[in-house]
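Presented below is the structure to which this report refers.
The values are calculated or read from the model by the stated rules, or taken from the named source; none is laboratory data. It should be emphasised that the depicted structure is a prediction, and the values quoted were computed from it without experimental measurement. Here the Cβ positions follow ideal geometry from the backbone for every residue, glycine too, while neighbour counts run over all protein chains shown.
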Amino acid sequence: MTALVPQFHVLIPCAGMGTRAGGSLPKQYQAVAGQALVLHTLTAFAAVAAAQPALRQVLVVVAPADTFLSSTPAWSVLPQGGASRAETVARGLAELRARGAQDDDWVLVHDAARCLITPAQIEALMVACSDDPVGGLLALPLPDTLKQAGPAGEPARVQATLERADKWLAQTPQMFRLGQLTQALEQAVRSGVAVTDEASAIEAQGLAPRLVQGSAQNFKVTYPEDFALAEAVLQARKTQA
C-alpha cells in the first residue's frame, strides 16, 4: 500500500432507519452473509486502518438509544445521531475534533449501508485526493440512458432524454478537510440548502470536489432485493479469496 503523510479519520453515519428496505430492524443491522450489514462496512475500513497508520480512527455515529453496535479496538461508537444525515455528520465531526483531529485533517464520510466497499477502493480515494485542494468522492460514470419524468402523476411519463456523458452517480466515501466540511454543513443549514451528501455542502460553497471512479459493486443497500445481491457479491468474494 502507498504510504500517506496527511492524517485521516473515518466517520460513518449509522443512525437512519432505512424504512424502504423493510424488515424489523434498521437495514444496517439486518443480516447479510452471516453478520450485520454494517459490520461488513466496518471490516473494510478496519483493514485500511490496520495497514495505514495515517488513518487514525473510525467513528460510527448511531442513534442515541441504539444498542446494536458496540465500540471495539477497531472502531468507536458515538450514540449521538441526529434527525438528519447532516446533523449526524456534524455531531461526528465535533466528536472527532474533541478527540484531537485538526481542521486540516481529512475525514472520509461513508454510508453504513454501502457494505461492499473494499479496502482498495478506500485507499484509491485517499491517494487520489490527499493533495487535492478541495477533496473528492468515489463516483461512477452514468452507464444508462437518463430520462427526465414529466409533471408528477400516474403513470410516470418521459419528458426528455438527458445527455449522460457528463453525469456521475455519487458514492461514498466522500473525503474533505474536517474544518472545511464543518463550515460547509453549518452554512448549508443556515442557508436552508438541502444536503443530500457531503459533496453537495462543499459544492454550495462554490467548490468542485474531485470525482474518483468507484465500482458498480459499491452500491447502497436500499430496497429488500438489494440484500440478496449484496450477499451474492460477498459470497463470491469469499470463494475468490
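Values for this structure:
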{"item": "Close pairs from segment 165-180: first closer than 21 Å to Lys147 by Cβ, partner of a type in the set (A, V, I, L, M, F, W, C) and surrounded by 21 or more Cβ atoms within 10 Å (Cβ to Cβ), Cβ under 8 Å, at least 6 apart", "result": "Trp168/Ala139; Leu169/Ala139; Ala170/Leu137; Ala170/Ala139; Ala170/Ala199"}
{"item": "Every residue from segment 47-91 that is assigned to a helix (DSSP H, G or I) and more than 20 Å from Cys115 (Cα to Cα)", "result": "Ala86, Glu87, Ala90, Arg91"}
{"item": "Matching entry among Val189, Val127, Val195 (being among the β-branched types (Val, Ile, Thr), touching a residue at least 40 places away in the same chain (Cβ under 8 Å), more than 21 Å from Pro6 (Cα to Cα) and in a helix (DSSP H, G or I))", "result": "Val189"}
{"item": "Single residue of segment 27-58 satisfying the filter (touching a Gly at 6+ places or on another chain (Cβ under 8 Å) and buried (at least 22 other Cβ atoms within 10 Å of the Cβ)) that is modelled with the highest pLDDT", "result": "Gln28"}
{"item": "Residue count for segment 70-107, restricted to those that are of a type outside the set (Ser, Thr, Tyr), out of contact with any helix residue (DSSP H, G or I) (no Cβ under 7 Å at 6 or more places or on another chain), under 20 Å from Tyr29 (Cα atoms) and modelled with pLDDT under 95", "result": "2"}
{"item": "Segment 118-137 - residue that is touching a Ser or Thr at 6+ places or on another chain (Cβ under 8 Å) and not acidic (Asp, Glu) and, of those, surrounded by the most Cβ atoms within 10 Å (Cβ to Cβ)", "result": "Leu137"}
{"item": "Matching residues in segment 215-241 - criterion: being charged (D, E, K, R), within 15 Å of Leu37 (Cα to Cα) and either without any contact (Cβ under 8 Å) to a residue 60 or more places away in the chain or part of a helix (DSSP H, G or I) (or both)", "result": "Glu225, Asp226, Glu231"}
